[in-house]
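Presented below is the structure to which this report refers.
What follows is calculated from the coordinates using simple rules that are stated; it is not laboratory data. These numbers come from a predicted model, not from an experiment. Methodologically, a virtual Cβ is constructed for each residue, glycine included, from the backbone with ideal geometry; neighbour enumeration extends over all protein chains shown.
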Amino acid sequence: MQPTVHISPSILSADFARLGEEVRAIDEAGADWIHIDVMDGHYVPNITIGPGVVKALRPHTRKPFDVHLMISPIDLYLEAFADAGADIITVHPEAGPHLHRTIQHIKSLGKKAGVALNPATPAKMLDYVLEDVDLVLVMSVNPGFGGQSFITSQLRKIEALRRSIDKLGKPIELEVDGGIDRETSRLVIDAGATALVAGTATFRGGPSAYADNIRALRGINELAGAQ
Ligand code: DX5
Ligand code: ZN
């Protein structure tokens with residue numbers, strides 16, 4: 001196991017009526033980052049939260065906000081999410097006309113730039129921008145909803161990106177999002193992932209289970225860990 005793996009719980013699976021408390025609880029349970037799924041009902045068939053909610057959550061934790069934008073158009077809203085307290089801003093290439101420009105825009109706002117690849121989007125989409133990004137997000141489900149099953153073909157994409165990142169020799173995070181649980185987390189870490197997003201698997205069981213849920217994703221056996 002790679003001890004450096006970052007766990008980024010997706011608050012999409014949290015109790016939306018108590019989001020501030022949920023963010024504090026998942027922080028205290030050992031989350032490394034907080035994954036915030038922003039959906040517009042246009043780029044993806046679901047609507048979630050906007051920059052106002054990100055700003056309202058910011059005082060509840062010091063952990064980095066890993067903001068996953070599933071919105072189109074994209075460029076109009078980058079500044080609003082940066083101002084709201086995002087640390088990493090991840091975009092989909094299909095959500096805007098000029099990916100290179102969008103990446104540079106995020107960096108000009110002083111934020112880390114990520115690019116998300118849908119299950120059908122090839123790794124080679126990044127050939128000419130990989131050196132510019134801080135994070136690559138491999139979607140192991142189609143974006144839009146939590147609770148979907150892991151798409152196994154994405155393991156090959158993770159392995160290919162691992163090789164490309166290693167060849168480049170830059171500290172680019174390789175994050176995986178969708179259907180991550182204690183079994184699939186093993187597979188993606190072995191394939192070369194350095195960060196895992198998980199909604200269902202981190203928030204199931206309520207706050208008393210969060211710490212064990214996160215430890216399980218890291219590959220730490222709860223019973224052994226409790227001794
Ligand atoms: C899906 C989102 C994911 C989602 C993951 O569009 O990007 O972050 O919350 O949910 P689980 O972990 O339940 O598959
Ligand atoms: Zn996400």
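Odds and ends about this structure:
- For the stretch 1-52: rounded, prolate or oblate by the Cα gyration tensor [a/c cutoff 1.5]: oblate
- Loop-located trypsin sites (Lys or Arg not before Pro) in the stretch 37-139, at most 13 other Cβ atoms within 10 Å (DSSP): Arg62
- Proximity of backbone amide H atoms, modeled 1.01 Å from N, is registered between His92 and Ile71, Ala116 at under 5 Å, excluding neighbours fewer than 5 places apart on the same chain.
- Amide H contacts of Ala198 (H built 1.01 Å from N, under 5 Å, at least 5 apart or other chain): Ser8, Ser10
- Full-stretch length increase - Lys63, Ser108 - with 0.36 nm per residue and alpha-carbon distance subtracted: 14.1 nm
- Rg followed by Dmax, in Å, when the stretch 113-179 is reduced to its Cα trace: 11.5, 34
- The value of relative contact order for the chain, using C-alpha pairs under 8 Å at least six residues apart, is 21 percent.
- Gyration tensor verdict on the stretch 1-152 (Cα atoms; rounded if a/c is under 1.5, prolate if a/b is larger than b/c, oblate otherwise): rounded
- Summary value for the stretch 14-105: 27 percent relative contact order, contacts being C-alpha pairs under 8 angstrom separated by 6+ residues.
- Note that the stretch 82-91 has calculated 3J(HN,Hα) couplings of 4, 5, 6, x, 5, 9, 10, 10, 10, 10 Hz, one per residue in order, obtained from phi through the Karplus relation 6.51 cos²θ - 1.76 cosθ + 1.60 (θ = phi - 60°); glycine and proline are x.
- Cross-link partners for Lys167 among the lysines, with Cα-Cα distance under 28 Å and sequence neighbours closer than 8 places in the same chain left out: Lys107, Lys111, Lys112, Lys124, Lys157.
- Label-point gap, in nm, between Asp166 and Asp190 - each point 7 angstrom along Cα→Cβ: 1.6 nm
- The 3J(HN,Hα) values that the Karplus relation (6.51, -1.76, 1.60; θ = phi - 60°) gives for the stretch 50-55 are, in residue order, x, x, x, 6, 4, 5 Hz. Gly and Pro appear as x.
- D (Stokes-Einstein, µm²/s), Kirkwood Cα radius, the stretch 103-227, 0.692 mPa s at 37 °C: 213 µm²/s
- Taking the centroid of alpha carbons for each part, the stretch 74-116 and the stretch 187-201 are 23 Å apart.
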